[in-house]
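Each value in this text was obtained by applying a stated rule to the coordinates, not by laboratory testing. Keep in mind that this is a model prediction, so the values were computed, not measured. A quick note on method: Cβ atoms are made from the backbone with ideal geometry, for glycine too, and the neighbour counts reach across all protein chains shown.
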Amino acid sequence: MSGSVYIVGAGPGDPKLLTIRGLECIQQADVILYDRLVNVELLHHAKADAKLIYCGKEPGKHGMIQDEIHRVLVEQASLGKQVLRLKGGDPFVFGRGAEEAAVLRQARIPYEIVPGITAGIAAPAYAGIPVTHRDHGASFAIVPGQGRAEKGQDFLNWAALAQIDTVAFYMSVGNIEHITKSLIENGKKDTTPVAVIEWGTTENQRTITGNLATITQEILTHHISNPSMILVGDVVGVREEISWFEEKELKPC
C-alpha cells in the first residue's frame, strides 16, 4: 500500500498568499511536515486528526536533519498516508524540494510539486519595490547570502552579481558586511540603493533603506534580524512612489 507526497510552497508569510492548490493539499493531508517559516495559521486548515511534525531548521538548532525528513516522508507514504511537505516560500527556491523529490522517486513514492510565492519577489512587492522596472532594472537574481569567504563557504560569482541590476539576498543580515564589501570591490557603486525587509508580507514587516556604504550601520541602528530580505539595486528608489503596505487604507479582500 502506498500513499503519496505533496511538496508544497506555503508562500512568504501572509497566509492569504497561499495558492488554492496548496490549500487543498493542507486540507487533505494525513501527515504534515512543516518548516520554521511556515505561518502556523495555515495549519488551522488541516484535518482534526492530521499528524503535524515540525522540522524547521534554525541557526545552530535543527528540528530534524534532512536525512530524517527524507526517512519520514518515505515511511509515512509507504503506510498509505497522504503526506504534505510544507515549506516557506517556494519549495524549489532554497527549499531543498528537489532533493526530497529525488528521494521519493528512488523509493517509487508518487509525488506532486506545488509552487509557492517566494519571498525574494513578495517581500519587495509588499515594500513597494518592483524587482524589475523598465527604467531601473531589467535583470534580477536571487541568491543565498550566508556564505563567508573566511570559512571557505563563499561560492558566489561576485563579479557577475555586480553586473545584475537587482539582487535579492535571502537570510543575509548577519553577513551584510561581506555582501556590501564584495559588491563594491567588484564594481558596484557604493551609492547603490539597498532595502532590507524584515518579516516581509506579515503584520510585523519593517523596511529600512540605505545604500551599500550605509546599510550595515542602518541594520545595527534598527536592530534588524532574520528572517529578512536584502534587495540591492536602483529599483529600491521606486519605493518612494509606490510604498503601500505600511500605509495601506484598503480593506482586506
- Message: Quick check on packing: order 218-229, 115-126, 46-57, 196-207 by the mean number of other C-beta atoms within 10 Å, highest mean leading.
- Response: 115-126, 196-207, 218-229, 46-57
- Note on the structure: Per the helix-only model, the chain has a calculated mean residue ellipticity at 222 nm (DSSP H runs of ≥4, -39500 (n - 2.57) each, divided over all residues, rounded to the nearest 500) of -7000 deg cm²/dmol
- Task: Let me know the Rg and Dmax you get for segment 57-133 when you use only its Cα atoms, in Å.
- Result: 15.4, 49
- Message: I'd like the Karplus ³J(HN,Hα) series for segment 76-83: coefficients 6.51, -1.76, 1.60, θ = phi - 60°, whole numbers in Hz, and an x wherever there's a Gly or Pro.
- Response: 5, 5, 5, 8, x, 7, 8, 10
- Query: Translational D (Stokes-Einstein, µm²/s) of segment 101-180 at 4 °C and 1.567 mPa s when Rh comes from the Kirkwood sum over C-alpha pairs?
  - Reply: 85
- Item | HN-Hα J in Hz across segment 94-104 - Karplus 6.51, -1.76, 1.60, θ = phi - 60°, x for Gly and Pro | 6, x, 6, x, 5, 5, 5, 4, 5, 5, 5
- So what's segment 4-114 giving for Rg/Rh, alpha carbon basis, Kirkwood Rh from the mean inverse pair distance? 0.92
- Query: Which semi-axis lengths, in whole Å and largest first, follow from the square roots of five times the eigenvalues of the Cα gyration tensor of segment 176-225?
  - Reply: 22, 10, 9
- Query: Can you give the Rg and Dmax of the chain based on its C-alpha atoms, in angstrom?
  - Reply: 19.4, 61
- Its Cα gyration tensor gives segment 119-242 an equivalent ellipsoid whose semi-axes in whole Å, largest first, are 20, 17, 13
- Task: Could you order peptides 71-77, 238-244 by the average number of other Cβ atoms within 10 Å of their residues, highest first?
- Result: 71-77, 238-244
- Note on the structure: Per GNM of the chain with C-alpha springs under 10 angstrom, the most fluctuating residue out of 11, 187, 22 is 187
- Message: With N set to the number of residues, divide the alpha-carbon radius of gyration of segment 9-50 by 2.2 N^0.38 Å and report two decimals.
- Response: 1.04
